[in-house]
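Inspection log for the structure reproduced underneath, given as structure tokens.
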Amino acid sequence: MKCSNCQNEQQSGKFCEKCGTPFDEKTTAAEVHRQQEQVAATQAPSQNGVQNAQNFLQNYWSEFVTILKNPTQSFKRSDQQLVSGIISLVLLAIFVTLGFYFWINGIYKEAISSPFSLASSEAPSSLPFFELFFKGIFGVILFLAVGLAGAIVPLLLSQKSIKATTLITHYGLLSIPFVALGVLTMLIGLIGSGLFPVVMMLATIGLLIISAPITLITYHLTKQNETGQTVYASTAGLVITVLFAYLIVDNYVSSFLEGIDGIV
């Protein structure tokens, strides 16, 4: 607001702070309207952000249900669903890791509460969540990356014009049925401490990283009328997956389990 007498400028008020000259009603009303517009402009981005997030979640859930009912629908999706594919892989890793933590922590609690336990009195009442969770989820992501490599490498070697983003999208969306298994794995790990939870974990990740590369290779090569290379490419994908999975188990998983023994 600008005073007509001394040209002083101020943010609000009915009188000039410098000379006391009153502002006319039109000027005051215009200033109030300007401030209201500024407030609305400030609130609009946050409201739009919330609305966009809600729309994305609704669309993702609809996509999740569609592909859960018929996983082959994932091949009809384009790179625009790349984020949905990545989110599915992240959710799978989270659920499986939580299932593993609940399972191993349940075994630990049973062990220290046993009258024959050799644990010291200073032993923690439960295993550290964040330390094991982040190490566990990193290991699961490594296995998921191995499955993706088992699909990408043979297709790239076949010199077909298939974008890596397309393969990641299809691979991520194909993991949606296994996300549902991951939720089941988490619940089983929460309520049980036998061997069944770990069997579910291994089956969930193992079935995905073995079946998804073969499915992707077969689909994309058949789509391009290259059925003669399907058997060799699928076999190569399986060999790559098994080889790298073995290296992860032999190195990362072994050291991870040794770390748990150190904590106990």
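The values are calculated or read from the model by the stated rules, or taken from the named source; none is laboratory data. For clarity, every value in this text was computed on a predicted model and none was experimentally measured. Here Cβ is always computed from backbone atoms with ideal geometry, including for glycine, and neighbour counts include all displayed protein chains. These area figures cover heavy atoms from the full protein model, side chains too; ligands, DNA and RNA do not enter into them. Shrake-Rupley method; radii C 1.70, N 1.55, O 1.52, S 1.80 Å.
Across Val249, Val96, the residue with the most accessible area heads the list, and the full order at a 1.4 Å probe is Val249, Val96. Phe138 sits with roughly 110 Å² accessible to a 1.4 Å probe, with DNA, RNA and ligands left out of the calculation.
Within the stretch 125-215, the trypsin sites (Lys or Arg not before Pro) that combine a DSSP coil assignment with at most 10 other C-beta atoms in a 10 angstrom radius are Lys163.
The order of Lys223, Lys109 by accessible area, most exposed first and with a 1.4 Å probe, is Lys223, Lys109. Take the Cβ atoms of Ser62 and Ala164, set R0 to 30 Å, and the FRET efficiency comes out at 0.70.
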